[in-house]
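Q: Below: one structure in C-alpha cells.
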Amino acid sequence: MAEQLPEHPEFLWENSEPKSSYDVVIVGGGGHGLATAYYLAAHHGITNVAVLERGWLAGGNMARNTAIIRSNYLWDESAHLYERSLSMWEQLPEELDYDFLFSQRGVLNLAHTLGDVRESVRRVEANRLNGVDAEWLTPEEVKEVCPILNIGEDIRYPVMGATYQPRAGIAKHDHVAWALARRAAELGVDLIQNCEVTGFLKDGERVVGVETSRGRIHAGKVGLCAAGHSSMVAELAGLPLPIQSHPLQALVSELFEPVHPTVVMSNHVHVYVSQAHKGELVMGAGIDQYVGYGQRGAFHIIEEQMAAAVELFPIFARAHVLRTWGGVVDTTFDASPIISKTPIDQLYVNCGWGTGGFKGTPAAGYTFAHTIAHDEPHPLNAPFSLERFETGFLIDEHGAAAVAH
Amino acid sequence: MMLIPCPHCGPRNENEFTYGGQAQVAYPDDPHALDDAAWARYLFYRDNTKGLFAERWMHATGCGKWFDAVRHTTTYEFHEVRRVGRMLETESTPGKGPHT
C-alpha cells in the first residue's frame with residue numbers, strides 16, 4: 001500500500017539540529033527573524049547563523065496579521081524606514097524567486113471628521129516630500145477606487161475623503177515566510193524549531209550564548225526578534241524593554257467573488273479590510289486595551305469592528321464570519337519599533353513593531369542584520385534606538401498610524 | 001468579554017471599564033533628582049508580566065472609581081481586586097482623602 005501513496009512534497013528547508021556554536025543566533029523564527037537571517041547571509045556573508053523558534057516557523061504574528069503593506073507614515077524617520085521596506089517588497093519576489101502574491105492594489109485611509117481631513121492632507125504632503133506616493137481623494141474619487149464603499153452622508157461617520165497610496169497592497173504572509181526560510185536555509189542558516197530560549201550565557205556585560213530547551217548554544221552575537229514575547233526573552237538577559245504586549249484580533253469571512261479591489265483602513269472607526277486572493281474578506285480590529293498574552297481578545301471588539309465594517313460596506317451585511325483569532329503585539333509608547341543595540345554587548349533587539357510588523361518585515365531584517373553585522377545601526381534604523389526613550393527623540397506615530405496597520 | 005469584579009459595584013462587563021496599566025507606580029519623590037535614564041524608566045518602562053499582574057482599572061460607566069486588580073495575563077482571570085486608598089479612608093483627616 002505504502003508505495004501507492006504520493007511522494008512527500010519537496011521541503012523548502014532542512015530541520016536542523018542545533019550546533020554547539022554559531023556566529024549569530026536569532027531568537028524568534030517569525031518573519032523578522034527569518035528576514036534578519038536571510039540578510040545576514042545574503043548581504044553580510046554571515047552564514048553561520050541559527051534561527052531559534054520556540055514553536056514552529058512563522059506560527060506567531062507572521063501567521064496572524066492582515067498582510068497589509070504600505071509606507072504612508074507621517075514622520076520622516078518612519079516614512080524612510082517603511083518606504084525602504086515597500087521598495088524592498090517590490091524586489092523580493094524576484095530576489096527570493098518566490099511568488100508570494102504581492103499585490104499592489106493600493107490603500108485608502110478614510111477620513112471621517114474635519115480633524116481626520118486635516119491630518120490626512122498634512123500626511124499626504126509629508127509623504128510626497130519623502131518620496132512616498134500619496135494622493136488626497138474626495139469622497140467621489142474614493143468611490144471610484146472602491147465602488148462598494150458607502151459614501152452617503154447619512155451614516156454615523158460619513159466618508160469625507162481619503163488618503164490613497166497606489167503602491168500599497170497585500171501579500172500572502174505564510175508564503176513570504178516560506179520564501180525567506182527557503183533562501184536563508186539555502187545560504188546555510190540553521191532553522192531550529194521547538195527550541196525555546198530559557199536563559200542567556202554572559203561573560204560580564206557581554207552575551208556569549210543562550211540556554212535553550214535543546215541545550216546550550218554559544219553565540220558570537222544574539223539578536224532578539226520575539227515580537228509579543230520580547231519582554232519575557234529580554235528579561236532573561238536582564239534587559240528591561242519599554243514594551244506592553246496586547247491582544248490584537250482579526251477575522252475572515254467565507255469566500256466571495258472579487259468585490260473589494262483595494263485595501264480600506266479607517267482609524268476613526270477601527271477597521272481595516274481587504275479581500276484575500278482566495279476570496280475571504282480579511283478584517284483587522286484595534287488592540288484590546290489590557291496587557292494580554294492569551295492570543296485571544298474580547299468579542300465586543302469584533303462586534304464593534306463588524307458594525308463599522310457593515311456601515312462602510314453595506315454589502316458585507318450578509319457575509320458570515322468564518323473564523324476569528326488573536327495575536328500578541330508588542331507596543332511601544334510612541335508606536336514606533338525598536339531596532340537597536342542594547343546596553344549588553346553583543347545583544348541586539350528588534351521589537352516594538354506593535355500592530356504593524358508585517359509590512360516592515362524586509363526593512364526590519366535588512367536594518368537589524370546591518371546592526372548586528374556592524375555593531376552599529378544602519379542610518380535607516382539609527383533613530384529607532386532604545387536610547388530615544390531617554391533622549392526624548394521619540395517618533396510619535398500615534399496620531400498617524402497607531403490604531404490601524 | 002471579561003466580567004470584571006468592581007470592588008464598589010460588583011461584577012460588570014469589561015466594556016464598562018478603562019484600563020490604567022501597571023498598578024502602584026509611584027510618582028518619583030523628587031523628579032529633579034532623577035537623571036535621564038531614571039526619568040525614562042519612570043515614564044516609559046512598565047512591567048509586561050506574563051502571569052499574575054497587578055494593574056489599575058477604572059469603572060468608567062459605573063462608579064467612575066479607580067481600583068487595583070491582580071489578573072492573569074494569559075487566562076485573563078481576575079484573582080483579586082482592592083479599592084485604591086482603603087488605608088487612607090480610615091486614617092486620613094477630613095479634606096485629605098484619596099480623591100482630593
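The values are calculated or read from the model by the stated rules, or taken from the named source; none is laboratory data. Small disclaimer: the values here were computed from a predicted structure and weren't measured. Methodologically, a virtual Cβ is constructed for each residue, glycine included, from the backbone with ideal geometry; neighbour enumeration extends over all protein chains shown. Only protein heavy atoms, including side chains, enter the accessible area calculation; ligands, DNA and RNA are left aside. Shrake-Rupley method; radii C 1.70, N 1.55, O 1.52, S 1.80 Å.
Q: Scanning for something modelled with pLDDT under 95, open to solvent by 50 Å² or more (accessible area, probe 1.4 Å) and within 13 Å of chain B (Cβ to nearest Cβ), does region A:325-341 turn up at least one residue?
A: Within region A:325-341, one or more residues are modelled with pLDDT under 95, open to solvent by 50 Å² or more (accessible area, probe 1.4 Å) and within 13 Å of chain B (Cβ to nearest Cβ).
Q: While we're here: Being hydroxyl-bearing (Ser, Thr, Tyr) and either touching a helix residue (DSSP H, G or I) at 6+ places or on another chain (Cβ under 6 Å) or open to solvent by 30 Å² or more (accessible area, probe 1.4 Å) (or both): is that true of A:Ser231 here? Reasoning before the result, please.
A: Values: hydroxyl-bearing (Ser, Thr, Tyr): yes; either touching a helix residue (DSSP H, G or I) at 6+ places or on another chain (Cβ under 6 Å) or open to solvent by 30 Å² or more (accessible area, probe 1.4 Å) (or both): no.
Answer is no for this residue.
Q: Now a separate question. Determine if region A:359-373 includes at least one residue that is closer than 24 Å to B:Leu43 by Cβ, away from chain B (no Cβ under 14 Å) and not basic (Lys, Arg).
A: Residues of region A:359-373 closer than 24 Å to B:Leu43 by Cβ: none.
Taking every residue of region A:359-373 in turn, none turns out to be closer than 24 Å to B:Leu43 by Cβ, away from chain B (no Cβ under 14 Å) and not basic (Lys, Arg).
Q: Continuing with this model, one more query. Is there any pair with a first residue in region A:275-293 that is within 9 Å of chain B (Cβ to nearest Cβ) and a second that is acidic (Asp, Glu) and in a loop (DSSP other than H, G, I, E, B) whose Cβ atoms are under 9 Å apart and which are 6 or more apart or on different chains, and what are they?
A: A:Val291/B:Asp47
Q: Now a separate question. What residue, among those in region B:10-20 that are under 16 Å from the mean Cα position of the chain (by Cα) and more than 7 Å from every other protein chain (Cβ to nearest Cβ), is surrounded by the fewest Cβ atoms within 10 Å (Cβ to Cβ)?
A: First pass over region B:10-20, keeping only residues under 16 Å from the mean Cα position of the chain (by Cα): B:14, B:16-20.
If we keep only those that are more than 7 Å from every other protein chain (Cβ to nearest Cβ) too, we end up with B:16-18, B:20.
Details: B:Glu16: 16, B:Phe17: 21, B:Thr18: 14, B:Gly20: 17.
Looking at residues that are under 16 Å from the mean Cα position of the chain (by Cα) and more than 7 Å from every other protein chain (Cβ to nearest Cβ), I get B:Thr18.
Q: Report yes if B:Asp30 is modelled with pLDDT of 95 or more and within 14 Å of chain A (Cβ to nearest Cβ), otherwise no.
A: Spelling it out, it is not the case that B:Asp30 is modelled with pLDDT of 95 or more and within 14 Å of chain A (Cβ to nearest Cβ).
Q: Something else: If you check every pair at least six apart or on different chains, which have Cβ atoms under 7 Å apart with a residue in region B:24-52 that is farther than 17 Å from B:Ala69 by Cβ first and a residue that is open to solvent by 40 Å² or more (accessible area, probe 1.4 Å) and acidic (Asp, Glu) second?
A: B:Asp36/A:Glu390; B:Ala37/A:Glu390; B:Ala40/A:Glu390
Q: Could you check, for region A:191-214, whether at least one of its residues is part of a strand (DSSP E or B), among the small types (Gly, Ala, Ser), out of contact with any Cys (no Cβ under 9 Å at 6 or more places or on another chain) and closer than 28 Å to A:Lys359 by Cα? Please lay out each step first, then the result.
A: Taking region A:191-214 first, the residues part of a strand (DSSP E or B) are A:191-192, A:197-203, A:206-212.
Imposing the further condition that a residue be among the small types (Gly, Ala, Ser) reduces the set to A:199, A:209.
From the residues that got through so far, the ones that are out of contact with any Cys (no Cβ under 9 Å at 6 or more places or on another chain) too are A:199, A:209.
Now narrow it down to the ones that are closer than 28 Å to A:Lys359 by Cα: none.
No: region A:191-214 contains no residue that is part of a strand (DSSP E or B), among the small types (Gly, Ala, Ser), out of contact with any Cys (no Cβ under 9 Å at 6 or more places or on another chain) and closer than 28 Å to A:Lys359 by Cα.
Q: Further, regarding this structure: On the given criteria, is B:Arg46 open to solvent by 50 Å² or more (accessible area, probe 1.4 Å), within 9 Å of chain A (Cβ to nearest Cβ) and either under 28 Å from A:Leu394 (Cα atoms) or not in a strand (DSSP E or B) (or both)? Walk me through it before giving the result.
A: Numbers: open to solvent by 50 Å² or more (accessible area, probe 1.4 Å): yes; within 9 Å of chain A (Cβ to nearest Cβ): yes; either under 28 Å from A:Leu394 (Cα atoms) or not in a strand (DSSP E or B) (or both): yes.
Yes: the conditions hold for B:Arg46.
Q: Now for a different question. Hey, can you tell me all the residues within region A:294-313 that are open to solvent by less than 30 Å² (accessible area, probe 1.4 Å), out of contact with any Asp or Glu (no Cβ under 8 Å at 6 or more places or on another chain) and either more than 9 Å from chain B (Cβ to nearest Cβ) or farther than 25 Å from A:Ile243 by Cβ (or both)?
A: A:Ile302, A:Gln305, A:Ala308, A:Ala309, A:Leu312, A:Phe313
Q: Here's a follow-up. Specify the residue that is nearest to the other protein chains (Cβ to nearest Cβ); the eligible residues are those in region A:240-274 that are β-branched (Val, Ile, Thr) and part of a strand (DSSP E or B).
A: Once the filter is applied, the top-ranked residue is A:Val271.
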